[in-house]
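Reading through the structure tokens given below for one structure.
The values are calculated or read from the model by the stated rules, or taken from the named source; none is laboratory data. The model shown is predicted, which means the values in this text are computed figures rather than measured ones. Counting neighbours? That spans all protein chains shown, and the Cβs are built from the backbone with ideal geometry, glycine included.
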Protein chains: 2
Amino acid sequence: MLGQMQDQPLLISSMLEHAERYHPDVDIVSHTVEGTVHRTNWRDLGARSRRLAAWLVRNGVGQGSMVGTLAWNTHRHLELYFAVMGLGAVLHTINPRLSPEHLSFIINDAEDSMLFYDANFAPLVAQLKDGLPTVQRFCALNADDYESILAATPEDPLFRWPKFDERSASSLCYTSGTTGNPKGVLYSHRSTVLHSMMVGMPDLMNASANSSLLLVVPLFHVNAWGLPYVAAMTGAKLVLPGPHLDGNSIYQMMKNERVTFAAGVPTVWQMLFQHIDAKGLDPRADLCLRTAVAGGSAAPRAMIERFDREFGAFLLHAWGMTEMSPLGVVCQLLPKHANLPAEQRYDIQMKQGRAVYGVQLRIVDEDGAILPHDGVARGRLMVSGPWIVDRYFKGAGGDILDADGFFDTGDVATIDADGYLTLVDRSKDVIKSGGEWISSIDLENTAVSHPGIALAAVIGVAHAKWQERPLMLCVKKPGASVTREDMLAFLSSRVAKWWLPDEVLFVDTLPMTATGKIYKLGLRQQYKDALLSA
Amino acid sequence: MLGQMQDQPLLISSMLEHAERYHPDVDIVSHTVEGTVHRTNWRDLGARSRRLAAWLVRNGVGQGSMVGTLAWNTHRHLELYFAVMGLGAVLHTINPRLSPEHLSFIINDAEDSMLFYDANFAPLVAQLKDGLPTVQRFCALNADDYESILAATPEDPLFRWPKFDERSASSLCYTSGTTGNPKGVLYSHRSTVLHSMMVGMPDLMNASANSSLLLVVPLFHVNAWGLPYVAAMTGAKLVLPGPHLDGNSIYQMMKNERVTFAAGVPTVWQMLFQHIDAKGLDPRADLCLRTAVAGGSAAPRAMIERFDREFGAFLLHAWGMTEMSPLGVVCQLLPKHANLPAEQRYDIQMKQGRAVYGVQLRIVDEDGAILPHDGVARGRLMVSGPWIVDRYFKGAGGDILDADGFFDTGDVATIDADGYLTLVDRSKDVIKSGGEWISSIDLENTAVSHPGIALAAVIGVAHAKWQERPLMLCVKKPGASVTREDMLAFLSSRVAKWWLPDEVLFVDTLPMTATGKIYKLGLRQQYKDALLSA
């Protein structure tokens, strides 16, 4: 028997309509590419989004059309979000830091019919242009181009956002593609609305009409973790930094816009700290930041501590993936942690966190058997839920779910009795030694805690007896003198004996990927026979 | 083009599974019918719900089966929630305060196949039993009956909650039916999950793992406003008062269980105040209540003020209907209200509130034209959204949506420029005088502010020239001496001149409905010719 409630699709346009009606005067502040500070609100942003949508329709954009953006966080990019998705077209947000080869690949793979770009990407677009046959229109997000379009498109009082199936595609993001070509993840209106509803919850991002949200996380990075939608839903103020991610700009925005909540990658917070140190600033006096979310990679303990002590702010670890919309877990403390000493609280904050309602997590062994939540068992992390990928765009990579419908994250993790997830390693980087798993990340972190080591990479290398054994590659700090024996002695008091690398080699540099990670695939190929021949 | 995210139904069982996995040790405290305090948690409640479900299946309950409850707020009633709905059967929660005639009607209309009842309703059940042909099994929620069933049903390790269409029916509530027979509202898993996700948000009920929720609102009253689900989703502690709604019991629970949030009708808060006065208690010292939600009817200004001054708690007005799952609007303050003097804050808190994301509201005139949000225009309040009724159970009342898919709430309201809704009157009670609307409620509230008036009712009565004019019926306080002329003089300085009743009559009593409201339908029939003959 079916219930008898109204059958209304969950559409992204409903969030904009809610914002226009209930939060019309709430600030949306952009630091533009041109270097100005631009202030608007949901009333105007809604009206401009409708005008943009009308222009898009007149220029052939409709349900299922693909529209690309190469753009920073500004109100114009936000207008594209709502205009394109509101029509039922698909917004393909592109990471401008990808290589030109990858950029061409994904724009062609997506078959974008239009490309909107911030003016400072004009040289990049000029370079790519001839290789993008599907793109019929290039539009710069500046006064000449984008604003002329809007100026020439008056508001149509009869314009209404169309209604359609909530499973319709809304946006497209590509994974970074460290191995092979990037793969697209095609979000739906349903997955986006459900994800946004959870992201706002008190134990997640805790967004309300009293929040001022600084989105350092780019609008091209997995829908800025859903935060633009959360702002529309809740009436939180939005602060968009454009391309200005340096410590001084971020600090000034936090101060001037009374930011309570900021989301970004740890690197950005590190730049903020450097600026504070250089200028001798007092964040606790200047700012009212309560929460800094760190995602994308793990925040170091010192960062957690510094936000606590110097800002009076909580560093909230969040973990997810492009394939997860992105949110999977967040690391809030539990009531039982309230009276812990700070050091022990930081221990907990170091973990990735606990699952958000809607996301199911499990860790499994190599045979797919489910492992216990005991904080010890390490297994491949599998995820499932209504905002998790079913298959990649155009079926790239084939079937990606297991028999239970779970997606393999490619990570190895533990889950403790309280449900806190801790990432151990990428599963392709973990070293499988005689049936046991050794974390390359743990070994690398230990190695770089040596005062003479600047950088370290640990890879699994084929071994006659143990299947794989760890090989460590180290880059010394300038002027440091460290030997193989020094390193082994240093490590042996810090890791389990069977984790000790079979070999430590010193190199001048390590190869890096476009996203700043060590290119381990290359290292594994280069050193594949290093232990067999020994 | 469809998105490519996992197609997973939103099912109520997923909230219980989340609670078992991530909040296993969180307290669920019940004050039982037997007078004891019972403590359990999600681990045990989940296990018992599965055992109960297994027993239900063995006894013929499956998808679409109807299971009735006549029960207070206890862990056992909560187990029935999750066991019955988790199976895809429908939980029909029955208001035991209805008349025996209405109880028989709705149990027969729902075709309940089982009826679970708290032991103190045994005499009522005995009285009704012979007139309930569809009910094949009656089960008392006590040690002999309910606990014996569970004791005889061991946990089946292979038991899994079934997966089915999220639009499947989950629970059934009947409207109070002041006119004609009660009508059923059949909620779905989808509507319930979406509603619960919004209810937890910071600007709504703000539920987190740090909350302790006291559910004075009954589990038979529109799913206790979704709060049991919110607790499962967020890990908030649940405090269930059983039948103990007196001031002393509520105060003790608030104190002993460190309640931060309590939801109920204003009558309950009035009883709490009386207890505090009688005992000379100090709520600010004893309690840690932060929010008291008042729903069901409007809270008086004095109540808002008293929660603020004496408890340091915010009285949060919430308004909705059985037909709305129930939540439509909540009355949070906006950031711009933060520095208002208390008296002006109370003015805002008196309103019903602003729409929750997901609920669309409009006010329309008698021709269906949409009226402005100016705080002045009064119109019929129409609502739409994914947790709002599409049609009544078994089609009772026929088509109930307008051409745009909006449901007529039967209320007359204003909406101001900030989006705050204020209810003016029930549309059937509003007096239509020469094309203008006069609020019967406003006139009644003014009348009872006269020191000699205990109770007042105002009805619209047919009038030759003006279509309708107000007639006022007053019950004097014992010993008071008030004349018709006194009342008219009193009113004339307080309401618009054209609102003044054409007649004021004094009566000894006013007829009341089962739910404690003045029976205006009866009064209108009785006095229908009162002004025509004048």
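Things worth noting here:
- Candidates are the residues of the stretch A:429-444 that are free of Cβ contacts under 8 Å to residues at least 40 places away in the same chain and charged (D, E, K, R); the one that is surrounded by the most Cβ atoms within 10 Å (Cβ to Cβ) is A:GLU444.
- With respect to the stated conditions, A:PRO300 fails to be surrounded by fewer than 23 Cβ atoms within 10 Å (Cβ to Cβ) and modelled with pLDDT of 95 or more.
- Picking from residues in the stretch B:177-219 that are surrounded by 24 or more Cβ atoms within 10 Å (Cβ to Cβ), within 7 Å of chain A (Cβ to nearest Cβ) and out of contact with any strand residue (DSSP E or B) (no Cβ under 8 Å at 6 or more places or on another chain), the one that is farthest from B:LEU78 (Cα to Cα) is B:MET201.
- Some residue of the stretch B:40-58 being under 27 Å from A:GLY385 (Cα atoms), in contact with a Gly (Cβ under 6 Å, 6 or more places away or on another chain) and of a type in the set (Ser, Thr, Tyr): no
- Restricted to the stretch A:481-528, and to residues there that are closer than 17 Å to A:VAL448 by Cα and touching a His at 6+ places or on another chain (Cβ under 9 Å), the residue that is surrounded by the fewest Cβ atoms within 10 Å (Cβ to Cβ) is A:ASP486.
- Scan of the stretch A:77-111 for residues that are under 20 Å from the mean Cα position of the chain (by Cα) and among the hydroxyl-bearing types (Ser, Thr, Tyr), ordered by number: A:TYR81, A:THR93, A:SER99
- Residue match in the stretch B:88-98 (condition: modelled with pLDDT of 95 or more, within 21 Å of B:THR32 (Cα to Cα) and away from chain A (no Cβ under 14 Å)): yes
A quick yes/no check of all residues on (1) acidic (Asp, Glu); (2) modelled with pLDDT of 95 or more; (3) farther than 22 Å from B:ILE12 by Cβ:
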position: B:LEU215; (1), (2), (3): no, yes, no
position: B:PRO241; (1), (2), (3): no, yes, yes
position: B:ALA262; (1), (2), (3): no, yes, yes
position: B:GLN270; (1), (2), (3): no, no, yes
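- If you check A:TRP387, A:TRP437 for being among the hydrophobic types (A, V, I, L, M, F, W, C) and in contact with a helix residue (DSSP H, G or I) (Cβ under 7 Å, 6 or more places away or on another chain), only one passes: A:TRP387.
- B:ASP109 closer than 23 Å to B:ARG48 by Cβ and of a type in the set (D, E, K, R): no
- Residue count for the stretch B:25-39, restricted to those that are away from chain A (no Cβ under 14 Å) and surrounded by fewer than 18 Cβ atoms within 10 Å (Cβ to Cβ): 6
- Residues satisfying the criterion are present in the stretch A:384-403 (criterion: buried (at least 23 other Cβ atoms within 10 Å of the Cβ), part of a strand (DSSP E or B) and either modelled with pLDDT under 95 or within 12 Å of chain B (Cβ to nearest Cβ) (or both)).
- Residue under evaluation A:GLY368, criteria (1) closer than 27 Å to A:TRP437 by Cα; (2) assigned to a loop (DSSP other than H, G, I, E, B); (3) at the interface with chain B (Cβ under 10 Å from one of its Cβ atoms), criterion not met: (3)
- In this structure, B:ALA456 qualifies as in contact with a Leu (Cβ under 8 Å, 6 or more places away or on another chain), on the phi < 0 side of the Ramachandran plot and crowded, with 18+ Cβ neighbours inside 10 Å.
- Scanning the stretch A:61-80 for residues that are within 27 Å of A:LEU98 (Cβ to Cβ) and assigned to a loop (DSSP other than H, G, I, E, B) turns up A:VAL61, A:GLY64, A:SER65, A:ALA71, A:TRP72, A:THR74.
- Scanning the stretch A:166-176 for residues being at pLDDT 95 or above and more than 7 Å from every other protein chain (Cβ to nearest Cβ) gives a total of 5.
- Some residue of the stretch B:331-347 being in a helix (DSSP H, G or I), within 14 Å of another protein chain (Cβ to nearest Cβ), crowded, with 19+ Cβ neighbours inside 10 Å and modelled with pLDDT of 95 or more: no
- Sub-7 Å Cβ pairs linking a first residue in the stretch A:356-367 that is among the charged types (D, E, K, R) to a second residue that is surrounded by fewer than 20 Cβ atoms within 10 Å (Cβ to Cβ) and in a strand (DSSP E or B), at least 6 apart or interchain, are A:ARG362/A:ILE370, ordered by first then second residue.
- The stretch B:85-111, residues that are in a helix (DSSP H, G or I) and touching a residue at least 40 places away in the same chain (Cβ under 8 Å): B:MET85, B:GLY86, B:LEU87, B:HIS102, B:PHE105, B:ILE106, B:ASP109, B:ALA110
- Across the stretch A:404-428, the qualifying residues are those that are away from chain B (no Cβ under 14 Å) and in a loop (DSSP other than H, G, I, E, B), and the one among them that is surrounded by the most Cβ atoms within 10 Å (Cβ to Cβ) is A:SER427.
- Residue that is nearest to B:ASN95 (Cα to Cα) [pool: residues in the stretch B:295-341 that are among the polar types (S, T, N, Q) and under 18 Å from the mean Cα position of the chain (by Cα)]: B:THR322
- Here B:ASN59 passes the criteria (1) within 17 Å of B:LYS237 (Cα to Cα); (2) touching a residue at least 12 places away in the same chain (Cβ under 8 Å) except the one numbered (1).
- Here the stretch A:1-24 is the region considered, the condition is being in a loop (DSSP other than H, G, I, E, B) and within 26 Å of the chain's Cα centre (by Cα), and the residue that is nearest to the other protein chains (Cβ to nearest Cβ) is A:LEU10.
- Residue within the stretch B:223-239 that is buried (at least 24 other Cβ atoms within 10 Å of the Cβ), over 23 Å from B:CYS288 (Cβ atoms) and facing chain A (nearest Cβ under 9 Å) present: no
- Where strands (runs of 3 or more DSSP E) fall wholly inside the stretch B:112-176, the ranges with 2 or more residues that are within 28 Å of the chain's Cα centre (by Cα) and among the aromatic types (Phe, Trp, Tyr) are B:114-117.
Per-residue answers, yes or no, for (1) at pLDDT 90 or above; (2) closer than 28 Å to B:VAL268 by Cβ; (3) of a type in the set (Val, Ile, Thr):
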site	(1), (2), (3)
B:VAL461	yes, no, yes
B:TRP466	no, no, no
B:MET472	yes, no, no
B:ALA489	yes, no, no
B:VAL495	yes, no, yes
